[in-house]
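What follows is one structure encoded as C-alpha cells, with my remarks underneath.
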Amino acid sequence: MSRILIVEDEPVIRTALRRLLERHGYQVAEAGTVAEAQADHDLPAFDLVIADLRLPGAPGTDIIARCEGVPVLIMTSFGSIQSAVDSMKMGAADYITKPFDHDEMVLVVGRILSQRRLLRQAQALKSDIARDYPVSGMVGHCAAMQEVFARIRKVAPTDAAVLILGESGTGKELVARAVHELSARHDAPIIAVNCAAIPENLIESELFGHEKGAFTGAVAAHRGLVEAADGGTLFLDEIGELPAAAQARLLRVLQEGEIRRVGSAHVRRVNIRLIAATHRNLQQRVAEGLFRSDLYFRLRVMEIELPPLRERGEDLEELAQFLLTKACRRLNRPLMALAPEAVALIRDYAWPGNVRELENALERAVILSDGGQITPELLAIENSPRPALSEEPLSLEEYFRRFVLEHQDALTETELARRLGMSRKTLWERRQRLGIPRTKEHT
C-alpha cells in the first residue's frame, strides 16, 4: 500500500483529500505546514507528498529538497503558468490547481506512483545486472572474455573509435552497446546499422541522408542514420561490406565531424562516437584494395576481439544456463535445468554459429519441452567432433564450409540456417560466395 503525506493548512481541504485517497486504497498522513511535516514525519519514507504552494511559514515547494527523491505534487488556488513552471523547475513531479476534480487528482496520483514504481524497479534491475554481470549483462570468466571486459571499461569513457572483431554470432553488437552504456553518451541514442543488409545503391542515402529530388524516387528530404546518431553512438556492423563511396563519406565524418546529404551542397555538423564491427580480415581487404587504408587506421584506435564460443571453455555451461533462464522468462515458461547429458553435448559441440546458435537451440528446446529438464534430444544438435586445440585455428569461412558439407544431406535449408544462427537468405548468399551451392533435390 502506497503511503502519501498531505501538507495543507486548510483542514476542510486536507480532510476531503485524505478521505478521497483512502477510498482508493492509499495510506494517508497529514501536516499543516512544511515545518510540521518535517518535525512529525520521516519524509523519505513516503511514496508521494502532496503539498499546497501557499503555506504558513514556508512555501510548499520548500519540502521538495527535504524529501530525498520522493515525488512532490504541488497544488494551489493561484494557478498560473509561471507558478507551474517555477514549481517544476524546483523539482516538483507535477502541478494541480484547486479546486481540483476528484477524478483528475486520483489519476495524477496514480500516474506519479506508477512512474516511481517503474523507476525503482529499473534501478533494482540495473543493480542486479551490475552485480552479477559487471559489463552490461555479458557472461564470461575465461581469460579471453576478461580481456574483452577490461578493454570495454578502458575505452568506454573516451570518445575513441572502436573496432570489434569476431566471428558471426559471438556478440559484437552486445559489446558495442556495453561500450555505449558505460560512456558519457549513454543518455543519447545508439543507432545500429548492418551494412551488409542495405543494398549498395541505397547505403549512402540511408547513412548520410538525401535531399528531395536527389535521385528517382526521392520525393522528400530524408535524414540519414548518421544524423540520427548525433550526440550519441553510431554502430556499423559488418563494416567490411561498406562500398568505396560510402567509405569516403564515413572517413570525412571521422576526420571533420561533418556530412553532406546526397544531392545537397550544404554541410551539416555531427557529433558521433563510431563503433564498427566485422567478421572479415580488414587488413587483407586493405591489401586487396577493397577497404580504404586511411579509414581502417581511423577505426582501429581500439580493437576488441571476441573469442568464438568453442574457445571459451568453462564459460559454456554458465552461458548456456544464463541463456536458458532468459529463454524461459521470455517464453513465459517455468525455469528449467540442463540435464547432465545436455551439458556434456554443449561442451563437446563446435558451435559454428557461436552464441547465436546456442541461444536459438535453447529457445527451441524450451518451446518443445514438456518437463523441467532440457535433454540432448531437445537440443537437436549433432555431436560433431571439435577440432583439437593444437590444430591451426580454422577461419569462419572454413568452419561454415565444413559444417554445411557435413550436414546438408540430412537437414533442410531452414534447419541448417537455424543451427548456424542465420537467416536462409544469409545462408544462400554465403553458399554462393564460397562456391557450395545446394543441389535441387535437397532444397
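Where a number appears in this text, it was derived from the coordinates with a stated rule and is not lab data. Keep in mind the model is a prediction, meaning the values are calculated, not measured. Glycine gets a Cβ as well: all are built from the backbone with ideal geometry, and neighbour counts include every protein chain shown.
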Q: For n ≥ 4 DSSP H runs only, could you compute -39500 (n - 2.57) per run for the chain, divide by its residues and tell me the 222 nm figure to the nearest 500?
A: -13000 deg cm²/dmol
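Could you size up the charge dipole of the range 310-442 around its Cα centre, putting +1 on the beta carbon of Lys and Arg and -1 on that of Asp and Glu, and report it in debye to the nearest 20? Don't skip to the answer; put the middle values down first.
Numbers: 21 positive and 23 negative charges, 142 e Å.
Approximately 680 debye in magnitude.
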Q.
Quick check for me: using +1 on Lys/Arg Cβ and -1 on Asp/Glu Cβ, what's the dipole size of the chain about its Cα centre, in debye to the nearest 20?
A. 900
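I need to check one value: relative contact order of the chain, counting alpha carbon pairs closer than 8 Å and at least 6 residues apart, in percent. Working shown, then result.
Numbers: 680 pairs, mean separation 48.8, N = 443.
The value is 11 percent.
Step by step: find N for the chain, compute 2.2 N^0.38 Å, then divide the Cα radius of gyration by it. What's the final number? Intermediate results must be reported in sequence, preceding the final value.
Values: Rg = 28.9 Å, N = 443, 2.2 N^0.38 = 22.3 Å.
In units of the 2.2 N^0.38 Å rule of thumb, it is 1.30.
Which helices of the chain meet both criteria: a Cα extent of 30 Å or more along the helical axis and a mean Kyte-Doolittle score no lower than -1.0, with helices taken as whole DSSP H segments? Provide the component values of the computation, followed by the final result.
On the way: long enough: 102-132 (45 Å, -0.26).
Helices meeting the span and hydropathy rule in the chain are 102-132.
Given an 8 Å cut-off on Cα distances and at least 6 residues of separation, report the relative contact order of the range 272-384 as a percent.
Details: 95 pairs, mean separation 27.7, N = 113.
Here the relative contact order equals 25 percent.
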Q | Along principal axes, Cα extents of the range 310-442, largest first, whole Å | A | 44, 36, 20
Q | Per-residue HN-Hα couplings for the range 91-100 [Karplus 6.51, -1.76, 1.60; θ = phi - 60°; Hz; x = Gly/Pro] | A | x, 5, 6, 6, 9, 9, 9, 8, x, 8
Q | Those aspartates and glutamates that a straight Cα-Cα span of less than 18 Å connects to residue 212, excepting residues fewer than 8 apart in one chain | A | 204, 227
Q) Can you tell which of 403, 266, 163 lies farthest toward the positive end of the dipole of the chain, using +1 and -1 charges on the Cβ of basic and acidic side chains (Lys, Arg; Asp, Glu)? A) 266
Q) Considering amide H positions built from the backbone, and no H for Pro or chain starts, which residues 5 or more places from residue 190, or on another chain, come under 5 Å of its amide H? A) 233
Q. Say a paramagnetic label sat at a point 7 Å from the Cα of residue 154, along Cα to Cβ; which residues of the range 168-196 have their backbone N under 16 Å from it?
A. 179
Q | Long-range amide H partners of residue 100 with built H, under 5 Å | A | none
(Q) Show me, for the range 276-285, the HN-Hα J-couplings you get by feeding each phi into the Karplus relation (A = 6.51, B = -1.76, C = 1.60, θ = phi - 60°), rounded to Hz, glycine and proline as x. (A) 10, 9, 7, 9, 8, 8, 5, 4, 5, 5
Q | Highest-MSF residue in the chain out of 372, 110, 209 [GNM, Cα springs under 10 Å] | A | 110
**Q.** Lys/Arg +1, Asp/Glu -1 at C-beta; the chain dipole; positive extreme among 139, 193, 248
**A.** 248
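Percent antiparallel among DSSP beta bridges with both residues in the chain, to the nearest 5?
On the way: 4 of 41 bridges.
DSSP beta bridges in the chain are roughly 10 percent antiparallel.
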(Q) Taking θ = phi - 60°, what integer Hz values does the Karplus form 6.51 cos²θ - 1.76 cosθ + 1.60 yield along the range 5-10, in sequence order, with x for Gly and Pro? (A) 10, 9, 10, 8, 7, 8
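Which order do the peptides 415-427, 17-29 take when ranked by the mean count of other beta-carbon atoms within 10 Å per residue, highest first?
Numbers: 415-427: 17.7, 17-29: 15.1.
So the order, starting with the most tightly packed, is 415-427, 17-29.
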Q: Would you work out which of 37, 378, 422 lies farthest towards the positive end of the dipole of the chain, given +1 charges on the beta-carbon of Lys and Arg and -1 on that of Asp and Glu, about the Cα centre?
A: 422
Q) Tell me, Kirkwood radius of the range 3-125 from alpha-carbon pair distances, in Å? A) 14.4
Q) How about residue 89: which aspartates and glutamates have a C-alpha closer than 17 Å to its C-alpha, ignoring those fewer than 8 places off in the same chain? A) 52, 62, 68
Q.
Let me make sure I get this right: for the range 143-305, a, b and c are the square roots of the gyration tensor eigenvalues over alpha carbons, sorted descending. Under 1.5 in a/c it's rounded, otherwise prolate if a/b > b/c, else oblate. Which is it?
A. prolate
**Q.** residue 28 long-range amide H proximity, modeled H, under 5 Å
**A.** 4
